[in-house]
């Protein structure tokens, strides 16, 4: 079975930053060696933050780049039923957007690529985690 | 990297292409090379008043490292915002639980 990665907003940000830790994963996805999944919420958050810091044009360009790439942008809706249950379980640890990511990762048996250390000792079935800390 | 497919004008340096029954068109090798168009690339077709603008969409890896410094700043801001939101949510939740407990004990509860 091909490797699957579920990327959070922080990792998308490190990608445009040129962080060398992200490159191998993105290369693997771009080559088709692994599947990369991004939630629509994460992409929205990414574009919103880009718009704030680098302008609307850059947010549009980067969004277009991701949507037309091998990264798969998934709609959150089918995962929300699982997401709220996960939010109940990890209430003070994860945001609702994190729980949507976690639900997607659980359904598709992904490795979560995240900048958030709160995921480090996560124990959920079918999910593994790789934290890329930022300081 | 943009090619404008102009309507009703054929200049001497232009090449002709034929549209097939399924709407497909061959872009000559020279133009593909000039504009860096590779097999598998995505292009955006945008109608303009002068014709159809064919715009190559940059690949995922071409986006790598395009915003040095900014991307990291965004990642840090996101974590700080999330931490603050979760703390706020927790505070609100505790206040609500305490309010409900006081209410159950029959204490006077502020609205």
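Computed from the coordinates by the stated procedures, all read-outs in this text should not be read as laboratory data. Small disclaimer: the values here were computed from a predicted structure and weren't measured. Methodologically, a virtual Cβ is constructed for each residue, glycine included, from the backbone with ideal geometry; neighbour enumeration extends over all protein chains shown.
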State yes or no: is residue B:70 within 24 Å of residue A:48 (Cα to Cα), within 9 Å of chain A (Cβ to nearest Cβ) and surrounded by 17 or more Cβ atoms within 10 Å (Cβ to Cβ)? yes
Looking at the range A:50-66, can you tell me whether even one residue there is buried (at least 19 other Cβ atoms within 10 Å of the Cβ) and in contact with a strand residue (DSSP E or B) (Cβ under 8 Å, 6 or more places away or on another chain)?
yes
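So which residues in the range A:16-28 are in contact with a strand residue (DSSP E or B) (Cβ under 8 Å, 6 or more places away or on another chain), part of a helix (DSSP H, G or I) and under 22 Å from residue B:70 (Cβ atoms), if there are any at all? Outline the logic, then answer.
At the first step, the residues of the range A:16-28 found to be in contact with a strand residue (DSSP E or B) (Cβ under 8 Å, 6 or more places away or on another chain) are A:22, A:25-26, A:28.
Next cut, part of a helix (DSSP H, G or I) only: A:25-26, A:28.
Passing the criteria: A:25, A:26.
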Meets criteria (over 13 Å from the mean Cα position of the chain (by Cα) and either more than 18 Å from residue A:4 (Cβ to Cβ) or within 14 Å of chain B (Cβ to nearest Cβ) (or both)) for residue A:120: yes
Per the filter on the range A:1-24, residues within 11 Å of chain B (Cβ to nearest Cβ) and under 20 Å from residue A:98 (Cα atoms) are A:8, A:9, A:10, A:11, A:12, A:13, A:14, A:15, A:22
Note on the range A:29-60: residues touching a residue at least 24 places away in the same chain (Cβ under 8 Å) and either at positive phi or not in a helix (DSSP H, G or I) (or both) are A:32, A:33, A:34, A:35, A:36, A:37, A:38, A:39
Scanning the range A:25-41 for residues that are away from every other protein chain (no Cβ under 12 Å), within 15 Å of the chain's Cα centre (by Cα) and more than 21 Å from residue B:78 (Cα to Cα) gives A:34, A:35
Scanning the range A:63-86 residue by residue, the ones that are farther than 21 Å from residue A:34 by Cβ and in a helix (DSSP H, G or I) total 11
